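S.K.: One structure, pasted below without further comment.
The values are calculated or read from the model by the stated rules, or taken from the named source; none is laboratory data. Just so it is clear, the model here is predicted, and its values are computed rather than measured. Cβ placement follows ideal geometry from the backbone for every residue including glycine, while neighbour counts extend to all protein chains displayed.
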Amino acid sequence: MGLDPYYTWPVIGALLGLYLLGGFVKGAAAFGQPLVTVSLAAMFMPVPIAIGISVIPSILVNLIQGYASRQAAPRLPRYWPFYLALIIGILIGLRIFSMLDQGALQVIIGCLLIVFSAVQLSGLTPPLSPPPRAPVLAATGLVSGLLAGTTSFVAFPSLPVFIAYGLDRRLFALVTSVMFTITLLMVGGGLTVLGLIGRSELVMGLVCCIPSYLGQRVGLAVRERMSVSALSILVNIILALIGVTFLVRNFAKMLF
């Protein structure tokens, strides 16, 4: 298979299970695959490797989502300030990423998961009204890019802002799928240039595409039969628990 000895059968089995779960979350809730897969994988492997494996499967599910929402493409150019600022933010964030150790990365990821989940569960959104304003989109893109370059998580504050603007389902899916695809390509490329991920991560990512796709199909089927709000609550509770676990683990290491 061309993998490093690090990828034992238990590790491969755990990753396949994670990507089945991540694909299900993506299909059911329309967001959250990297949040779930990278966070859980980072519990038993270095964060850069977890991010590297996530690149190809996450791009695949976002391309599928974007294609399914292609009818909204004529409205996409309005969001160019967001995407331009996002790219700039990611470039800066990757520089920060290269200077952080694993403990610091896990603490940042844990805090982001807790804050993101709290905002989603509380129903709080910025006081914004459509149509989207270029300065707001640019500021949102810059902050999201900084966090994406540092941790690979681009969902905050972008998702709350898009929700506040009341984007319809197709436009929301297209705007976010483009956002995730840009982020994954840049973060994956940046980590490759930094020498933090290599061939093994790309091969493992290709393998994980299979459970990711299967999970997405199941998630889409469940989404048609279950309340979207109930699924969102469940996903955010899981993310918050993962974030708390990260913080507890790292603070325990500091104390003991």
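S.K.: Return the residues of region 48-59 that are in contact (Cβ under 8 Å) with a residue 60 or more places away in the chain and within 13 Å of the chain's Cα centre (by Cα); say none if nothing qualifies. It would help to see each step written out before you state the result.
M.R.: Going through region 48-59, the residues in contact (Cβ under 8 Å) with a residue 60 or more places away in the chain turn out to be 48-49, 51-59.
Once the filter is applied, which keeps residues that are in contact (Cβ under 8 Å) with a residue 60 or more places away in the chain and within 13 Å of the chain's Cα centre (by Cα), region 48-59 yields ILE51, GLY52, ILE53, SER54, VAL55, ILE56, PRO57, SER58, ILE59.
S.K.: I'm trying to understand the selection: among the residues of region 235-256, which are at pLDDT below 75 and closer than 14 Å to LEU40 by Cβ? Outline the logic, then answer.
M.R.: Within region 235-256, the subset at pLDDT below 75 is 235, 249-256.
Of everything in region 235-256, those that are at pLDDT below 75 and closer than 14 Å to LEU40 by Cβ turn out to be VAL235, ARG249.
S.K.: Which number in (1) at pLDDT 85 or above; (2) of a type in the set (Phe, Trp, Tyr); (3) within 23 Å of PHE251 (Cβ to Cβ) marks the one condition that PHE116 misses?
M.R.: Among (1) at pLDDT 85 or above; (2) of a type in the set (Phe, Trp, Tyr); (3) within 23 Å of PHE251 (Cβ to Cβ), PHE116 violates only (1).
S.K.: Also, I was wondering about something else. From the list LEU214, LEU202, which one is under 18 Å from the mean Cα position of the chain (by Cα) and either closer than 19 Å to ALA29 by Cα or surrounded by fewer than 20 Cβ atoms within 10 Å (Cβ to Cβ) (or both)? Don't jump to the end; show me each part of the working.
M.R.: Values: LEU214 fails: under 18 Å from the mean Cα position of the chain (by Cα).
Exactly one of LEU214, LEU202 is under 18 Å from the mean Cα position of the chain (by Cα) and either closer than 19 Å to ALA29 by Cα or surrounded by fewer than 20 Cβ atoms within 10 Å (Cβ to Cβ) (or both), namely LEU202.
S.K.: Also: So which pairs qualify, if the first residue must be in region 178-195 and in contact (Cβ under 8 Å) with a residue 60 or more places away in the chain and on the phi < 0 side of the Ramachandran plot, the second must be among the polar types (S, T, N, Q) and surrounded by fewer than 20 Cβ atoms within 10 Å (Cβ to Cβ), the Cβ gap must be under 8 Å, and the two must be at least 6 apart or on different chains?
M.R.: Within 8 Å, the pairs are LEU194/SER98.
S.K.: Looking at this structure, is GLY188 closer than 30 Å to ALA85 by Cα and either of a type outside the set (Gly, Ala, Ser) or at pLDDT below 90 (or both)? Full working, then the answer.
M.R.: Values: closer than 30 Å to ALA85 by Cα: yes; either of a type outside the set (Gly, Ala, Ser) or at pLDDT below 90 (or both): yes.
So GLY188 passes the test.
S.K.: OK, next. Check SER232 against each of (1) modelled with pLDDT under 80; (2) touching a Leu at 6+ places or on another chain (Cβ under 8 Å); (3) not hydrophobic (A, V, I, L, M, F, W, C) and name the one condition it does not meet.
M.R.: (2)
S.K.: On to the next question. Would you list the helices (runs of 4 or more DSSP H) that sit entirely within region 1-113 and hold 1 or more residues that are modelled with pLDDT of 85 or more and loosely packed, with under 15 Cβ neighbours inside 10 Å? Let's see the steps before the verdict.
M.R.: On the way: elements: 9-29, 33-41, 47-68, 80-97.
Counting at least 1 such residues, we get 9-29, 47-68, 80-97.
S.K.: Kindly provide the set of residues from region 123-147 that are exposed (fewer than 13 other Cβ atoms within 10 Å of the Cβ) and hydroxyl-bearing (Ser, Thr, Tyr), ordered by number.
M.R.: SER129
S.K.: On the given criteria, is LEU167 outside any helix (DSSP H, G or I), free of Cβ contacts under 8 Å to residues at least 40 places away in the same chain and either over 20 Å from ALA104 (Cβ atoms) or within 19 Å of the chain's Cα centre (by Cα) (or both)?
M.R.: Details: outside any helix (DSSP H, G or I): yes; free of Cβ contacts under 8 Å to residues at least 40 places away in the same chain: yes; either over 20 Å from ALA104 (Cβ atoms) or within 19 Å of the chain's Cα centre (by Cα) (or both): yes.
Judged against the criteria, LEU167 is a match.
S.K.: Can you find a residue that is outside any helix (DSSP H, G or I), out of contact with any Gly (no Cβ under 7 Å at 6 or more places or on another chain), free of Cβ contacts under 8 Å to residues at least 12 places away in the same chain and under 23 Å from ILE88 (Cα atoms) anywhere in region 129-139?
M.R.: Yes; the residues of region 129-139 include at least one that is outside any helix (DSSP H, G or I), out of contact with any Gly (no Cβ under 7 Å at 6 or more places or on another chain), free of Cβ contacts under 8 Å to residues at least 12 places away in the same chain and under 23 Å from ILE88 (Cα atoms).
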